[in-house]
Amino acid sequence: MTRESLFDKEFWDTKEASFYATQVKGCPVSIKTLQTLVSRGGSPEFQKFGRRIVYKKQSIDNWLASKLSPVLTSSSDKGAQNGK
């Protein structure tokens, strides 16, 4: 899978969403993590195409952004300990 071929698609499967988050955005997210979050809650927004889970780029971007802490200048800043 290449970045170019990935961006040619409107919908991504779980493997492609994981690749994008990990390799393109630099935020390691495994396929297994995405699968678990789909069943337990807390996953990026997704749609179903038949039995398959599909994601859009914006959904992955929004979800990753929601997981980031505010900008910090010290590890003792408020929120640094719990990642929020």
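Read-outs: derived from the displayed coordinates by stated rules, not from any lab. Predicted model, so just to flag it, every value in this text is computed and none were measured. Cβ: placed from backbone, ideal geometry, glycine included. Neighbour counts: every protein chain shown.
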May I ask for the angle, rounded to the nearest 10°, between helix 57-67 and the longest principal axis of the chain, with both axes built from Cα atoms and the value confined to 0 to 90°?
20
For the range 1-75, run through the trypsin sites (Lys or Arg not before Pro) and keep only the ones in DSSP coil with at most 10 other Cβ atoms within 10 Å of their Cβ.
Arg51
Here, GluC sites (Glu not before Pro) of the range 1-30 satisfying both criteria (DSSP loop; at most 13 other Cβ within 10 Å) are Glu10
Would you mind computing, in nm to one decimal, how far apart the modelled labels at Phe49 and Cys27 are, each placed 7 Å from Cα along Cα→Cβ?
2.3
To the nearest 0.05, the calculated FRET efficiency linking Leu72 and Gln35 through their beta-carbon distance, R0 being 35 Å, is 0.70
Lys pairs, the chain - Cα-Cα below 21 angstrom, 8 or more residues apart or on other chains:
24
Acute angle (nearest 10 degrees) that the helix 31-40 long axis makes with the longest principal axis of the chain, alpha-carbon atoms
80
Tell me the label only: which of (i) 1.38; (ii) 1.09; (iii) 1.22 is Cα Rg over 2.2 N^0.38 Å as calculated from this structure?
(iii)
Which stretch or stretches of the range 25-40 have amide N atoms under 13 Å from the point lying 7 Å from Phe7's Cα along the Cα→Cβ direction?
25
